Amino acid sequence: MSGATPARVGSLVQFFHFDEKGEKTVQNGLEALASSSASVMVRGAFAAVGAVAPDFIAASLASTLKLVLDTPLKGIFVGAWNLRRDLQKFRNQKEYPPEETFDYDLKSNEIGYAYKPGIQLVIGGLPVEPIVKFEISAKLTNTPKLKIRNAHIIGADLGSVEGRGAISCEGAVLLNRPVGEFAVTDSNLWFGSGLAIGSPRTG
């Protein structure tokens, strides 16, 4: 990772640069799908709403997707830690007494994130089929420093993160996030009584 100060990112919206320009890019991509013979889902959803202008439908889908992606990035990291087998050793209370706090660096912490939200158009109070499904993918790499006590993660410094990702629909990329370095907003985390690694054991 570079020595320059990385930009701060707090949510998936910021990670994907889903600002006004990004929202317009997604809207344009959906309109292109709606007029493409290769599209079944998007073209079908647009056709089902009848006389409503395509740009209005696309704008509604893009703005709703932006709300869906207003997800804190730090939650993605925290949710992946219990999947790491190397943390399970802290459950051994003979080697890691519960009254002591241990610092632990997660080496090469790579997270593959995938999410497939579906958005259903509603016209005149009635839901429209088909539901438009999106594919959100991201790969995030960092080396967080954890503080562990009594088989619980009580704190973490997420450090710098390198990430890339894409927002797609029916195989078409609507918004691409090229690889780049950033820092998570409020990257120094404290968890009160802590996040359980597993049921503490004595041997």
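The values are calculated or read from the model by the stated rules, or taken from the named source; none is laboratory data. Nothing here was measured: the structure is a model prediction, and the numbers come from that model. FYI the Cβ positions are ideal-geometry reconstructions off the backbone, even for glycines, and counts take in every protein chain you see.
Being modelled with pLDDT of 90 or more, surrounded by fewer than 12 Cβ atoms within 10 Å (Cβ to Cβ) and acidic (Asp, Glu) is a property that Glu170 lacks. Here's a check for you: in the stretch 118-128, which residue that is exposed (fewer than 15 other Cβ atoms within 10 Å of the Cβ) and assigned to a loop (DSSP other than H, G, I, E, B) is modelled with the highest pLDDT? Here the residue is Gln120.
Screening the stretch 129-203 for strands (runs of 3 or more DSSP E) wholly inside it with 3 or more residues that are within 21 Å of Arg84 (Cβ to Cβ) and hydrophobic (A, V, I, L, M, F, W, C) returns the ranges 152-157, 188-196. For Glu31, state whether it is farther than 29 Å from Leu174 by Cα and at pLDDT 95 or above. Considered against the rule, which asks whether it is farther than 29 Å from Leu174 by Cα and at pLDDT 95 or above, Glu31 comes out as no.
The residues on offer are Leu158, Leu195, Leu121, and the sole one that is hydrophobic (A, V, I, L, M, F, W, C) and more than 23 Å from the chain's Cα centre (by Cα) is Leu121.
Looking across the stretch 118-163, the residues that are over 30 Å from Ala62 (Cα atoms) and either of a type in the set (Ser, Thr, Tyr) or free of Cβ contacts under 8 Å to residues at least 40 places away in the same chain (or both) come down to Thr143, Gly155, Asp157, Gly159.
Taking the criterion of being over 23 Å from the mean Cα position of the chain (by Cα), surrounded by 16 or more Cβ atoms within 10 Å (Cβ to Cβ), of a type in the set (Lys, Arg) and farther than 14 Å from Ala196 by Cβ, no residue of the stretch 74-105 qualifies.
Please go through the stretch 38-70 and give me each residue that is closer than 12 Å to Glu170 by Cβ and surrounded by 18 or more Cβ atoms within 10 Å (Cβ to Cβ), ordered by number. Before you say what the answer is, go through the steps one by one.
First pass over the stretch 38-70, keeping only residues closer than 12 Å to Glu170 by Cβ: 38-45.
Result: Ser39, Val42, Ala45.
If you go through the stretch 96-117 and keep only what is of a type outside the set (Ser, Thr, Tyr), in contact with a helix residue (DSSP H, G or I) (Cβ under 7 Å, 6 or more places away or on another chain) and in a loop (DSSP other than H, G, I, E, B), you end up with just Pro117.
Can you tell me which residue within the stretch 37-62, out of those that are of a type in the set (S, T, N, Q) and in contact (Cβ under 8 Å) with a residue 60 or more places away in the chain, is farthest from Ile123 (Cα to Cα)? Residue satisfying both the conditions and the ranking: Ser39.
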